[in-house]
Amino acid sequence: MSLRATQKRLEQNKSVCKLSTIYLSFVKDDQSVFDEWISSKKPSGWIARVLLLEGHSVGEKTVKRHLDGFCSCSEGTKYKGVYRGA
Ligand SMILES: [Zn+2]
């Protein structure tokens, strides 16, 4: 495969991190609750704990990476609403 083709493939297959996957699976109500957590700057450890209690297996590091914009979906502007910096 050529470099250009590989680059194109990579750009098209923008992956979504675990946190976004969980977020996108939420009903609208839960999404707005989550958005409130972000705007009130809840700690990533706290968010991970609540999600865990809800039955989602996600670690604090995963939450933190996403909030800081260093996760696999950080380039997808679509999910900007769930970033701390947004
Ligand atoms: Zn993410």
Checking the a/c ratio against 1.5 first, then a/b against b/c, what shape does the Cα gyration tensor give for the stretch 14-82? rounded
³J(HN,Hα), Karplus 6.51/-1.76/1.60, whole Hz, each residue of the stretch 48-55, x for Gly, Pro: 4, 5, 5, 4, 4, 5, 7, x
A 23 angstrom limit on the alpha carbon distance is what I want to check against. Which of LYS41/LYS61; LYS8/LYS28; LYS28/LYS61 exceed it? LYS8/LYS28; LYS28/LYS61
What are the residues whose amide H is under 5 Å from the amide H of PHE26, where those residues sit 5 or more places off or on another chain and H is modelled from the backbone? none
For PHE34, PHE26, what ranking results if the residue with the fewest other Cβ atoms within 10 Å of its Cβ goes first? PHE26, PHE34
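Read-outs throughout are calculated quantities, based only on the coordinates presented, and are distinct from any laboratory measurement. Note that the structure is predicted; figures quoted are calculated from it, not measured. A quick note on method: Cβ atoms are made from the backbone with ideal geometry, for glycine too, and the neighbour counts reach across all protein chains shown.
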